[in-house]
Amino acid sequence: MQEVIQERFKISPFLVIYMVLSMQIGIGVLGFQRIIAEDAGHDAWISVLVAGASLHIIMWMIYKINESVNGDIVTAHEFIAGKWVGKILSSIFIAYFLLLALTVVRTYVEVIQVWMFTDINLWWFSVCFFLICIYIIYGGFRTVVGISFFSFVFHIYLYPIFFFNLQYAQWNHLTPIFENSIKDILLGSFHMSLTFIGFEVILFFYPFIKEPQKSKKWAHFGLFLTTIGNTILMIISIVYFSKDQLAKSIWPTLTMWKIVKLPFVERFEYIGIGTWSLVILPNVCITIWIASRLLKRIINIKQKHGVIYIVIAMSIAINFIDTREKVSLLNDYTGLAGFGVTFIYIPLLFIILMIMKKVKKK
Amino acid sequence: MKNWIKKTIGNKDSSQKDWEKVLEKSKDFSRVYYNNQKNNMRFCITSISTLVDEKVIQEEALPRLLEDEWNTIQDIKKVLPITDMEISTDPAKIEKKLLNGYFMLTIDHHEETFAFVSAQKQVGRSVSPPEIEFSVIGPKEAFVESLSQNINLIRKRLPIKELIVEEFTLGSLSKTQVAMIYIDNITNEENIETVRQRLSQIEFDAITDSSYIVQLISDNSNSPFPQLLDTERPDRIAGILAEGKLAIVVDGSPHVLIGPTTLIEFFSSFEDYFLNYFLSSFFRLIRFFAVLFSFLITPIYVAVLTYHYELVPRDLIGTLITSRRPVPLPPILEALFLELTIELLREAGARLPTKVGQTIGIVGGIVIGTASVEAGLTSNVLLIFVALAALASFTTPVYKMGNTIRLLRFPFLFFAQLWGLLGIVICFSILFTHLLRLTSLGRPFLAPIYPPRVRDLKDSFIRLPFRFQSQRPVFLNTKNPTRFSKEKASKKKDIDE
């Protein structure tokens, strides 16, 4: 079924770049370096580059899917599989996005527990966080995009801080290039998936964009920026840390902030972690928004009520993930799910859609 | 049929006597009978003596009425020199006209027809310098309480035929005249329609000030942020009307409302346009930083000293510890105590007459401050911060926004105590969400920051010179976005040409 969104709820095409950027910059950025360097060694930056480049193909497919049915993914599912099977397919995504939101919040609280407040109460903090998300989502899609815009604008001051680390850089860590095999590099790209997933949300809010043709270039530009950003971050981590050090630090980005020396503040990572809560806020908001919107489109629950149900479910679920191993497991599963959706499901959907279009035309 | 006629005649009589009965209870209701000297006709002048100007009656109306020859009410038009005159037979108008300062003229034995002649007494202060938005350079005229005087001040500055003044009468008891002013070929139709619809749907009994109108037509009356700007300066109104906004003037209030407005406008004083663009940009930026400082510094102090004392550089921490050593209270209680003291001082100072108020302010500030440091209740570092923050919150040119900033500090303090720096960031995101959701007359409150309109940034945080201001603000969707022709304004010339 097509849905018609009124003009006053739509966003201008330029703002799509902020959605893509804010979804991709989440908690993965804090600790992805170790996992990739495990497989690809000091050629890990090539893995990042390869992963990023392949995303542009996926983005192209996403836009093609949306354009061919002129709607979001629920419409696409209905087109290829009929009403009921289409609805079942879309419901899988509700679980996917809930898993994503849960991972982001739990990992962030773990970061706070390790780095800032060791005895922060998980439940109270996550409930407060979800309440803010409810307030944002009740303001409509425009407010959600506004929050992603602001989160991007307010945290970019963190990136020039990495210049402090370049003072201690040992550029010979990068050589010799291509020492590791292609297989290792590709394995590294596979592990990169948790950091890079998120941009597929365009599939779900496509009807909310005014003049979607114009937003294509912005979405690709956003992907390009994150690819370059992550590659540079990886390079900085490789030249700064030694091989064994990198293998042992769980959050290399945060460790790199520890050596920052500013005249008015001593421990910069507190400021960084505080700002990072602003970075993950749009992640959680967008995923809950999409999940509640899917509920509305599939089962016809009002989005206002759907949000409340989702938040209650997540507040209960988050209490069960209390140890480091469970958090790590959650991250792994989410990464696998993300890889499955992004690199397997979307191309499959694209191919089936193209075939069905040709068949239905006849 | 007979019964029906009797009933209507009876009703007419009783209705006439009804209004007479109610009005006669007031001492200032006067009814004087005169005899015309030429044809000995008895006529009566009814008026409310506190509302009419006696001079007009005595010097202009009465001599002519007594000496000139006239027989019916219609002749009055030739006799009296006053132009605002109305002849009517409708008894419903009596109340409205009498209570607006008109006097009623009736001829004996022909009391169904009456004439209303205008003789309003002009009471009110004359145009004086603005109190809140005082500017060192620039015009020093401010609005007064009379509606016609205010519209006169605005029309003088924009003498074009497209300046439309639409009037509404609001308030069942106060019957306040409210005027909506806009420029016809510039302002967006949607904005005009929104204001017109909202004003005409107001249901209230006594509207005595423009701030009542603000609260009745605001998009979100639960928000502490004002969504309509108010100003006392006619030159500011002329400026914003030229941009494409609307002005709402309320009779009896020297503050005129402006809509739709944005958050940035609350930090711009009209004096910025009188100074050089470089200086005014600098002052605007200082104002922004002052506001940020004002509501962030005390929560940061509380957060850093309660949870993150490792953040403070090694040299500064010595000073902080020495100042906090004698204090038995945790930082949050110290901060709350000082903040509440300053609020008390401010509230008390606002109610006292000027002479006593100034003394109490100085005494209170200095004595209480010094005494509390010596007693060990607060640290002197915190005292400096709180005093500076209080000072900084006064830099906002609009009084309403200054009050909001005062209030904002307390949620931040609460969150700082809960989760330290993280709490401050979280409170900040709540604040931003609130501002994102706010609309002013349907237009986003945070334009031009969000939705990002780069062209409008030329007059927000900084003010670019006038030669760059050739386009009207984009977020207003004006019908005619060009202010002046840019090519004509700046011709390109080469060196020595």
Residues of the stretch A:265-315 being touching a helix residue (DSSP H, G or I) at 6+ places or on another chain (Cβ under 6 Å) and not in a helix (DSSP H, G or I), in sequence order, are A:V265, A:E266, A:R267, A:I301
What's the total number of residues in the stretch B:410-438 that are of a type in the set (F, W, Y) and facing chain A (nearest Cβ under 10 Å)? 4
Restricting attention to helices (runs of 4 or more DSSP H) lying wholly within the stretch A:129-209, give those where 2 or more residues are within 14 Å of chain B (Cβ to nearest Cβ) and modelled with pLDDT of 90 or more. A:141-155
Residues that are under 32 Å from the mean Cα position of the chain (by Cα) and within 23 Å of B:M401 (Cβ to Cβ), at least 3 per element: which helices (runs of 4 or more DSSP H) completely within the stretch B:292-368 meet that? B:331-351
Let me confirm something: among B:D230, B:D235, B:D184, B:D219, which residue is in contact with a Pro (Cβ under 7 Å, 6 or more places away or on another chain) and either without any contact (Cβ under 8 Å) to a residue 12 or more places away in the chain or open to solvent by 10 Å² or more (accessible area, probe 1.4 Å) (or both)? B:D235
Among the residues of the stretch A:93-109, is there at least one that is more than 27 Å from A:Y206 (Cβ to Cβ), within 14 Å of another protein chain (Cβ to nearest Cβ), part of a helix (DSSP H, G or I) and open to solvent by 20 Å² or more (accessible area, probe 1.4 Å)? no
If you go through A:I57, A:I88, A:I65, A:I80, the only one that is away from every other protein chain (no Cβ under 14 Å), part of a helix (DSSP H, G or I) and within 19 Å of the chain's Cα centre (by Cα) is A:I57
Determine which single condition A:L262 fails, assuming it passes every other condition in (1) within 14 Å of chain B (Cβ to nearest Cβ); (2) modelled with pLDDT of 90 or more. (2)
Just to be sure I understand, how many residues within the stretch B:346-403 are open to solvent by 20 Å² or more (accessible area, probe 1.4 Å) and farther than 30 Å from B:V214 by Cβ? 24
Of the candidates B:I321, B:I342, B:I317, B:I300, the one satisfying the condition of being at pLDDT 90 or above, open to solvent by 20 Å² or more (accessible area, probe 1.4 Å) and either farther than 18 Å from B:A390 by Cβ or not polar (S, T, N, Q) (or both) is B:I300
A:S12: hydroxyl-bearing (S, T, Y) and within 14 Å of another protein chain (Cβ to nearest Cβ), yes or no? yes
On the given criteria, is B:I57 touching a residue at least 12 places away in the same chain (Cβ under 8 Å), assigned by TED's automatic domain parsing to the domain that holds B:Y102 and either outside any helix (DSSP H, G or I) or basic (K, R) (or both)? no
Single residue of A:I36, A:I57 found to be free of Cβ contacts under 8 Å to residues at least 40 places away in the same chain and either buried (at least 21 other Cβ atoms within 10 Å of the Cβ) or β-branched (V, I, T) (or both): A:I57
Subset of the stretch B:158-174 (residues that are in a strand (DSSP E or B) and farther than 17 Å from B:S210 by Cα): B:L163, B:I164
B:F204 fails exactly one of the following numbered conditions: (1) touching a helix residue (DSSP H, G or I) at 6+ places or on another chain (Cβ under 9 Å); (2) closer than 19 Å to B:G442 by Cα; (3) open to solvent by 50 Å² or more (accessible area, probe 1.4 Å). What is the number of that condition? (2)
When the residues of the stretch A:155-191 are filtered to those that are closer than 26 Å to A:L55 by Cα and of a type in the set (V, I, T), which remaining residue is surrounded by the most Cβ atoms within 10 Å (Cβ to Cβ)? A:I185
In the list B:G252, B:G244, which residue meets the criterion of being in contact with a Lys or Arg (Cβ under 6 Å, 6 or more places away or on another chain), at positive phi and modelled with pLDDT under 90? B:G244
Quick check: anything in the stretch B:477-484 touching a residue at least 12 places away in the same chain (Cβ under 8 Å), outside any strand (DSSP E or B) and within 14 Å of chain A (Cβ to nearest Cβ)? yes
Is it true that B:Q177 is open to solvent by 20 Å² or more (accessible area, probe 1.4 Å), touching a residue at least 40 places away in the same chain (Cβ under 8 Å) and part of a strand (DSSP E or B)? yes
Out of all the residues in the stretch B:457-476, which are outside any loop (DSSP other than H, G, I, E, B), in contact with a helix residue (DSSP H, G or I) (Cβ under 7 Å, 6 or more places away or on another chain) and within 14 Å of chain A (Cβ to nearest Cβ)? B:V474, B:F475
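The values are calculated or read from the model by the stated rules, or taken from the named source; none is laboratory data. Because the structure is a prediction, the values reported are computed rather than measured. Note that we place each Cβ from the backbone using ideal geometry, even for glycine, and neighbour counts take in every protein chain shown. Quick note on the areas: whole protein, heavy atoms, side chains included, nothing else; ligands and nucleic acids left out. Shrake-Rupley method; radii C 1.70, N 1.55, O 1.52, S 1.80 Å.
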